[in-house]
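One structure is given here, and the rest of the page talks about it.
The values are calculated or read from the model by the stated rules, or taken from the named source; none is laboratory data. This one's a predicted model, so the numbers in the text were calculated from it and none came from an experiment. In this analysis, Cβ positions are derived from the backbone assuming ideal geometry, glycine residues included, and neighbour counts consider all displayed protein chains.
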Amino acid sequence: MLIVLADQLGRSVGDMYKGAFLPGLILTGMYMAYVLLLTVIKPAAAPALPPEARVFRESSGKSGAASVLVLTALSVAVGVVADKYYKPEAPLDERLVISVALPSCSPSWWPSSTAGSSSGCCRRWPRRSPSC
């Protein structure tokens, strides 16, 4: 929709997306606040899953929140390290995409890997690392 609107208005598509980003975040936050407020005021409006439907549990029977917290912290740490060492002169949006995608990539993507490697993210982003 923004692409068609940009064409009709004679504006840049990038400008249209820049202009739509903040309102989109605000609407998302308002919807989250609405759901939170609704569940606090009327708990029956959003009931929890019954215990037999909760299949993702630790072997000890706990909910696994600690494991998710550890994995999130580890992913954020890898993202921060990737942002710090991945081409500091690169544009911020490129560094952000790489730092978010990096925790799911194989280690062969890193520039210190062996030359000629074709596994992992090197196949998707061959120009990013001289060793790929």
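Looking for something within 30 Å of ILE3 (Cα to Cα) and polar (S, T, N, Q) - is there at least one such residue anywhere in segment 60-70? For segment 60-70, residues within 30 Å of ILE3 (Cα to Cα) and polar (S, T, N, Q): absent.
As for segment 15-29, it holds at least one residue that is closer than 30 Å to ILE3 by Cβ, of a type in the set (Val, Ile, Thr), assigned by TED's automatic domain parsing to the domain that holds ILE3 and surrounded by 10 or more Cβ atoms within 10 Å (Cβ to Cβ). Listed by first and then second residue, the pairs with beta-carbon distance under 8 Å, at least 6 apart or on different chains, first residue in segment 46-69 and aromatic (Phe, Trp, Tyr), second at pLDDT 75 or above and outside any helix (DSSP H, G or I), are PHE56/GLY64.
Listed here are the residues, each with its yes/no results for (1) of a type in the set (Gly, Ala, Ser); (2) at pLDDT 75 or above.
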position	(1), (2)
SER67	yes, yes
VAL80	no, yes
GLU94	no, yes
PRO107	no, no
GLY116	yes, no
GLY120	yes, no
TRP125	no, no
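For segment 13-62, filtering for residues that are among the hydroxyl-bearing types (Ser, Thr, Tyr) and under 24 Å from the mean Cα position of the chain (by Cα) leaves 4. Remark: pairs (first residue in segment 70-85, free of Cβ contacts under 8 Å to residues at least 40 places away in the same chain and part of a helix (DSSP H, G or I); second residue of a type in the set (Ser, Thr, Tyr) and surrounded by 11 or more Cβ atoms within 10 Å (Cβ to Cβ); Cβ separation under 7 Å; 6+ apart in sequence or on different chains) = GLY79/SER99; ALA82/SER99; ASP83/SER99. Can you name every residue in segment 46-62 that is surrounded by 10 or more Cβ atoms within 10 Å (Cβ to Cβ) and of a type outside the set (Gly, Ala, Ser)? Matches in segment 46-62: ARG54, ARG57, GLU58, LYS62.
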